[in-house]
Every structure is written in structure tokens, then in C-alpha cells.
Amino acid sequence: MRPTRPFRPLILAIAMALPLLSSPSLLAEESSIFSQMATAQPVWAKHGMVASQETLASRTGVEILKQGGNAVDAAVAVAFSLAVTLPRAGNIGGGGFMLVHIAKENKTIAIDYREMAPSKAKKDIFLDENGDAVEKLSREHGLAVGVPGTVMGMSLALEKYGTMTLAQVTAPAIKMAQEGISVTPDLAQSLAGLKRRMSQWPTTAAIFYKADGSDFQVDDILKQPELAHSLSLIAEKGTKGFYEGETATKLINAVKDAGGIMTLDDLKNYKVVEREPVRGEYRGYEVVSMPPPSSGGVHIIEMLNVLQQFPIDKLGHNTAQTIHLMAETMKHAYSDRSEYLGDPDFYKVPVKALTSKDYAQKIASQIAMNKTTPSAEIKPGKLAPYESDQTTHFSVVDKWGNAVSNTYTLNFSYGSGLVAKGTGILLNNEMDDFSAKPGVPNGYGLVGGDANAVEGNKRPLSSMSPTIVMKDGKPFLVTGSPGGSRIITTTLQIIMNVIDHGLNIAEASNAARVHHQWLPDELRVESSLNRDTISLLEAKGHKVKVQSAMGSTQSIMVTEQGIFGASDPRHSGSEAIGY
Ligand code: GLY
């Protein structure tokens, strides 16, 4: 294990170097300081920090911390704020996962507020009369919408682990929805890019495009008064303000008009589940992550167990040899995902076996150092991947040592694209995360079988992987990412970059990423990976595809020198803010 480098301030190093220029011996010493300097600097803070994909939401969270709120109060305020400021993924019409670490009790809880299938959902709902899967039904249709869990999840987290009221933590979001937010380049671009799916629903077009149908421009003001009203009902009435009464009726009418089968009872019966996190050990650190129905935690631990068999630090960061070992490991994990992962309330997921060190040794023994094993030899399949990665992650730590790692989503950007009339609420298309038919890929090119078949009241399998890495029993690294199928490998790389390669959290976030998901049999890499490495990987037999950036990690590292945060530079508008 290499020592991790939290921070090395540039100014300090320059100030130290100036008086030394005349002394050759000291110059030599200084050059070693410079050579140790980080290539990117994290944000530093003393008391608490929020890292999220949108600046206004990060600021809201930090304000709550400053007012004396704990990490959970801040996290819930961030979640409601993102529903207004990052509407493509922040939500109250979707669902997600939250890991909460409570320092005083030294316990970590996994809150599962994933959407549930409507009770009348059946295995074949996305198939046509020939038994073929119809993409539109699981993506842009009333049937695509799962029963939303976010409001119930946030309320439970706040009630059990927070200190503030729903009215307090929703107030900033209500204000921003009512008074409007200034349109950022990121928001303008994503709305313009997804106009086809969004504007097929008149209720959606009326909010997210101008009255004449044109796009919002940067610095225009986007107001969402109906969303402000829906949030106010939650502030006043708690979960009943969403799952019953006015909002519930409007949601069900919208889903039914769009061809769906969700009922008022489905909303009323929605349940949040508190689960035991999955845990693993990696080079002396404890990795705590989300259990099924997330596949993320299980496979991050499975992959780390395999990679621990190799001297990754000596092989080097993003060298062809290290990436080769990572890619081979990823293929095994994603092949297991297609077979064994699903909602644990419906299917017995072999978590213990998949996360055992023995199983990892078996996988490691099948990996050749210099030659890739084609995916077809691990398991056959033929797929076409789809590009979409909108989910969002945020991390929070407070001055008491509590931590929250939260990933939530509408599935695709803006979900189904459907806003329920009169609510301002965008509805998810999470039902596409089920396996519509064995072997048929979902929106992320992922395949599945019976374990993840559609069933009433079941939760679709997810890749969302909110994670907390513990050192000596305390949160050390709080992290996670959006990115569909790439969430798991992106989170894995943050952990490895810090633990194996000793990068600080900004360097770990900025470094070029790679991804293999078994099928399709290709190693996806970011364009910043150097050409020499790509050539060496190709020589080992990898089909390397240089594609767009992956993930948007929001990470916080807690060290003796303070709290260090980094928002992924891959998306503009992200910010880690501390105080
Ligand atoms: N909707 C993406 C995921 O849950 O993995």
C-alpha cells in the first residue's frame, strides 16, 4: 500500500522554493518537493463538505451544515435541490440509494429507495406479440415508470438520522423552483440535446422549452412553479403530500394517460428498505458499499478481491499491464452480474460467494498476464451498447464524522421525459433496468436473466454504487458516480487510484478511465489515455475503443490534515464546497 497524498499546496511549495534558489543542495531538495507535487489540487476544508454535480445544490448543503445540520440534513437538502437545479437526474420522481455512516454509533446503513415495479407488472410487459422486446415501452411510455422512491427515502433518512424538519430542508429547493434558476451551459445543452424525447410530452415541453418552442439559452431564467407547489405539499404533509392526495392523483393520471398500469395503491404501498451494506477488505481498508438490488457494491468488492492478487502499485497507474488486469477482472464481474444479480427480496443473490476471497482467487488464476480472454469464452453474447449516463451522485461529510454517499436517478436523462400534468415532476423510466427478455440488452447494453425479470412490486437491478471506504473504522473516502453500467468501474478506479496509486482525490478524479462490461467485448477508454498504452493493450488482444468521458464522481477524502474534496471535471457546473 502506498501512502496517500491528500494535498500539497502549490503556493506553499513556491514560497518555500524562492529563498532557496541560490543554494544548490537545497535546490536539489526542492526539486524533490516539486517532483512530488500533485498534478491537480482538491478543495480543502476543516469542518464539513458537500460534493455534488451542481453548484447551487452544493451551496445549499453547505449552508445547512453551517446552520448546525448534520450530514443527513445536508444530503436531503441537496437531493431536493438537485430535483430543481439538475432536473435530468436530480429528482423526486425517481429513486436511488443512500449510504449513511453515523459516527456516534459507528454504524453504516444502506437505505434502498429504488423504484418498485407497479403491482400489476408482469414478465412479458415489454414484449410484442412475436415475443420481441419493444424499447419504447420500457423507455418512453407509461409502462416505463417505476413507483418513485426518492421522497420516501429522503423522509426516512431525515426522520431517523437527521435533526431538521422536512420544511427546513426543502425550503431552498422550493425557493429556487419558485423564483427560478439561471440556466447554465450544462442545462441548456442537455435540454437542447434531448428535445425529441422531452417535447413529445406537451406538459414537459411547456416547462423545459420556451412558449414558441425554442430552447433556453445560457443565463435565461428557468422557473418551475408547479414543482415548487409539489415540494411545498411534501414540506407541509410529509410523504402523504406525495404518495397520497393531490400529487398522487396527478401522477397516476399522467402514467395511465401514457399507457401505464401504476395505481394509487402502488404509490401508497411504496416501501423504503434499510439494508446491511456489503463489506470487503482491500489492502487494509474496509470498503462499504450498496448491496442488491444494486449490483455495484457486490462487483466492486468482487473486482477489488481479484485485483488484490496482483501488485497493482508496482505495475503502475494506467499502464497497459494494470489496465489489462482490470479489464479481465471487469469481464468476469459483469458476466456474473448478468446471471446472479437481482432484487434480493425476490431472488437469492449469492452475495457471500461473489464477494469471497476464494472466488476471487479462482478468477485471478484464469487471468493470463499477457493475453486477453475473449468475452465469448467467458460467456457468449451479442450486444449493442446505448449511450446514456444520467444519474447523479453526491457526497457529504460533517464535523461530527458522519458521512452520506448518495446516488439517485430517473434512469435516462430526464427519465421517460414525461412530466405529470400540474406537478412539475419528471417521471423515471427505471423499468428499463429490468431485463425485458433474457439476452436482450437494456439501455446500457447490459443483459440479464430470471434474476432480473420484471415482476410486480420488484425493484429493477441497478449499477448505482454509493461507497464509503473506511480506515481504522472511520470514513476515509466517500465516493460514487453516475454513468449507467460504467458506475461500477468508475467507482472502482477512484478507490484504486487512491489506495494503490497514492493519488490525491483530485488526481484520482481527473485520471483517464477505462471500462469493460464483458459484453460487448471491447475495452472502452477515455481519449486522455495515451496512445502508447492503447497500442500495448491492442498487442494483448484487446479491442480498444476510445469514447467520450465516463462518469461524474463526487468524492470526499477525510484525513488528519483536513477534508479534501473533488468534483469530477468531466461535467461543468459540478462543485465540491467546504467550510
Ligand atoms: N438507472 C441506472 C442504474 O440504476 O444503474
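The values are calculated or read from the model by the stated rules, or taken from the named source; none is laboratory data. Since the structure is predicted, the reported quantities are computational estimates derived from the model, not experimental observations. For neighbour counting, all protein chains shown are included, and Cβ atoms are generated from backbone atoms with ideal geometry for every residue, glycine included. These accessible areas exclude ligands, DNA and RNA; they are computed on the full protein's heavy atoms, side chains included. Shrake-Rupley method; radii C 1.70, N 1.55, O 1.52, S 1.80 Å.
Expressed per residue, the C-alpha convex hull volume of segment 113-232 stands at 150 Å³.
Pop out the carbon and sulfur fraction of the accessible area of the chain as a percent, whole number, probe 1.4 Å. The computed percentage sits at 54.
Annotation for segment 526-579 versus segment 457-498: alpha-carbon center distance of 14 Å. Rolling a 1.4 Å probe across all protein chains gives Ile261 an accessible area of roughly 50 Å².
Averaged over its residues, segment 366-497 has an accessible area of 26 Å² per residue, based on protein heavy atoms and a 1.4 Å probe. When only the Cβ of Lys, Arg, Asp and Glu is charged (+1, +1, -1, -1), the dipole of segment 460-577 relative to its Cα centre reaches about 260 debye.
Working note: Cα atoms of segment 60-162, range along each principal axis, descending, whole Å: 59, 30, 16. Can you bin the chain into rounded, prolate or oblate? Criterion: square roots of the alpha carbon gyration tensor eigenvalues sorted a ≥ b ≥ c, rounded for a/c under 1.5, prolate for a/b above b/c, oblate for the rest. Because a/c hits 1.5 or more and a/b fails to exceed b/c, the chain counts as oblate.
Rounded to the nearest 20, the Cβ-based charge dipole of the chain about its Cα centre (Lys and Arg +1, Asp and Glu -1) stands at 460 debye. When restricted to Cα atoms, segment 420-492 yields an Rg and a Dmax of 16.1, 51 Å, respectively. Computed over protein heavy atoms with a 1.4 angstrom probe, the accessible surface ordering of Trp518, Trp44, largest first, is Trp44, Trp518. Charged side chains reduced to their Cβ positions (Lys and Arg at +1, Asp and Glu at -1) give segment 408-485 a dipole of some 180 debye around its Cα centre. Listed by chain and number, the aspartates and glutamates placed with their C-alpha closer than 12 angstrom to that of Lys210 are Asp220; residues fewer than eight positions away on the same chain are left out. Taking a ≥ b ≥ c as the square roots of the Cα gyration tensor eigenvalues, segment 462-505 comes out oblate, since a/c reaches at least 1.5 and a/b does not exceed b/c.
Listed by chain and number, the lysines whose C-alpha is less than 18 Å from the C-alpha of Lys136, apart from same-chain residues fewer than 8 away, are Lys122, Lys123, Lys195, Lys256, Lys437. Each part reduced to its alpha carbon centroid, segment 107-172 and segment 212-291 end up 7 Å apart. Comparing Met176, Phe126, Thr479 along the charge dipole axis of the chain, the residue lying farthest to the positive side is Thr479, per the Cβ-charge model. For the listed residue pairs Lys314/Lys474; Lys271/Lys458; Lys357/Lys543, the alpha carbons are over 19 angstrom apart in Lys314/Lys474; Lys357/Lys543. Compactness of segment 181-327 is given as radius of gyration and Dmax, 23.2, 60 Å, from Cα positions. Averaged over its residues, segment 115-160 has an accessible area of 41 Å² per residue, based on protein heavy atoms and a 1.4 Å probe. With point charges of +1 on the Cβ of Lys and Arg and -1 on the Cβ of Asp and Glu, referenced to the Cα centre of the chain, which listed residue (Ser356, Thr108, Val454) lies farthest in the positive direction of the dipole? Farthest towards the positive end: Ser356. Protein heavy-atom accessible surface, 1.4 Å probe, per residue over segment 256-317: 36 Å². Taking the empirical scaling 2.2 N^0.38 Å for compact globular proteins as reference, segment 221-283 has a Cα radius of gyration ratio of 1.60. Per residue of the chain, the DSSP helices (runs of n ≥ 4 H) give a summed -39500 (n - 2.57) that works out to -11000 deg cm²/dmol at 222 nm. Listed by chain and number, the aspartates and glutamates whose alpha-carbon sits under 14 Å from that of Lys362, ignoring those within fewer than 8 places in the same chain, are Glu302, Glu328, Asp336. Cα centroids of segment 44-98 and segment 301-347: 31 Å apart.
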